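Encoded as structure tokens, the structure appears first; notes follow it.
No lab work stands behind these numbers, since they all come straight from the coordinates. Predicted model only: the values in this text are computed from it and were never measured. Please note: Cβ atoms are built from the backbone with ideal geometry, for glycine as well, and neighbour counts cover all protein chains shown.
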Amino acid sequence: MDSNYSGIPREEIERRHARLRNYLINSDLSGILIFSNVEVYYYSGIGLEGVVYFPQDGEPVHLVKRNMELATKFSSISNIDNFGSLSQIFKKLNIDSSSKIGVELDFLPYSYVEFLKTLNKGLNLVNVTTKLRELRAVKTKYEISQIETAAKLVDRSFEYCVEIAKPEMTEIELAANLDRWLINNGHHGYITTRAFNSALLNYSYVIGRASSTLNIHFTPISGWGLSLKYPYGPSKQKIGNDPFFVDTCGNFNGYISDTTRTFILGRFDMKTQSQIEALQHMKQLLMNEMKPGINLGDVYIKAMDLAEELGIFNNFMGEGGDKVKFLGHGVGLELDELPILYAKGNQIEKGNILACEPKFIEKGQKVLGIEDTYAITESGVKMLSQSPDYFEV
């Protein structure tokens, strides 16, 4: 079977398996049943529908619902079998009633979990979703390189935006052209999200003044979108000559970057230039503060204090009741991973990757934003997105 797929290096998978087995031993779990596509891909190297079972003792098992040939060729797990019937899954995997099994209980549908409980009355199912996310939050050099490749592609897409953006273009027209360019130049498609009821139409979100009157999501501004079913994202409003931002997710081998840049088809007035410079000061604060061992909650408080000092607090990260209480989020195989840069944030670890997004919103009047993807290193941060903070076209 010929393909253009780029597989995950064997040593990466072995490292992941070793960390998961160590967690199983320390938590006294008999094993973990992994159903989510993201985690199946992370531990097997291919995102096929099915399940990966990882026991505390013995080798992992990859049960596949369809296309055994594809699984056999690309799965890093040698023990591969047909999924068969869900009602027989515990028997198939030799999981007895005395076992304590980790399951993604806050990911699986309620009916699915309840059915699993009926299959073995004595079985103890334990929620391990957060722990699995914490394990994925620490990235290796390989993973960082994948996200950096995605970020560099987005940098290039901003250069293309400068070439094609015109005042008469609508937000969705510009977004569609940018998305087409991304796919033609190496973007790998799907942007997987963790947030409940979240879906992404575009990789490039173009939001301008005209559509900034609406915000429905836990984000500084969502835009109007195209329909009342999904009233967010790029709209049919023209970008005109006012500032607009492009918030773009890159994707390389499933690994996601997140970058925002502000554009204007002309020149910023003095007041707007001052507000952009305030966001640049915020970016510099984040780069100076984010080091391994530093608490993200402390970084967030310093950022809010700086917003007050710079005179942008009332419009920083939203306006009024729409102001969000975070400044950044992890990225990786999902757009919204751990850790989160907010008041109750955890300690930063080497290997964390965060997208930090200082934005300035005057609803219906002005949108400004600078978002970068950072890798946390031993000495501080490595900025994976390298394009200029803004573009005057």
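Observations
- Selection among 368, 391, 62 by position relative to the dipole of the chain gives 62 as farthest towards the positive end (Cβ unit charges, Cα centre).
- Extreme residue, positive dipole direction of the chain, given options 286, 31, 94 (C-beta unit charges): 94
- Dipole orientation for the range 1-158: of the candidates 107, 74, 4, 107 has the Cα lying most toward the positive pole (charges on Cβ; Lys, Arg +1; Asp, Glu -1).
- Once both labels are positioned 7 Å from their Cα atoms along Cα-to-Cβ, the gap between residue 193 and residue 162 label points is 3.0 nm.
- Label-point separation, residue 98 to residue 308 (7 Å along Cα→Cβ), nm: 6.0
- Filter on 291/363; 91/121; 139/323; 131/152 - keep pairs with C-alpha separation over 23 Å: 291/363; 139/323; 131/152
- Options (i) 20.7, 66; (ii) 22.4, 70; (iii) 32.8, 111 - which one matches Rg and Dmax of the Cα atoms in Å as calculated here: (ii)
- Most fluctuating residue given options 291, 323, 229, as computed from a GNM of the chain linking Cα atoms under 10 Å: 229
- Three-way shape call for the range 254-317 based on the alpha-carbon gyration tensor, with the a/c threshold at 1.5: oblate
- Order of 379, 145, 211 under a 10 Å beta carbon neighbour criterion, fewest first: 379, 145, 211
- Gap separating the Cα centres of the range 33-103 and the range 331-352, nearest whole Å: 28
- Placing +1 on the Cβ of every Lys and Arg and -1 on the Cβ of every Asp and Glu, with nothing else charged, gives the range 201-360 a dipole about its Cα centre of roughly 400 debye.
- Estimated dipole of the range 1-132 in Debye, rounded to 20 [Cβ of Lys and Arg +1, of Asp and Glu -1, Cα centre]: 200
- Taking 139, 117 and counting other C-beta atoms within 10 Å, the order from fewest to most: 117, 139
- Result for the chain in a Gaussian network model with C-alpha springs under 10 Å: among 77, 256, 191, the largest mean-square fluctuation is at 77.
- Here 98, 157, 27 are placed in order of increasing Cβ neighbour count within 10 Å, fewest first, which gives 98, 27, 157.
- Here the chain is assigned +1 on the Cβ of each Lys and Arg and -1 on the Cβ of each Asp and Glu. Its dipole about the Cα centre then comes out at about 680 debye.
- Residue of 147, 101, 340 that the Gaussian network model of the chain assigns the largest fluctuation, springs spanning Cα pairs under 10 Å: 101
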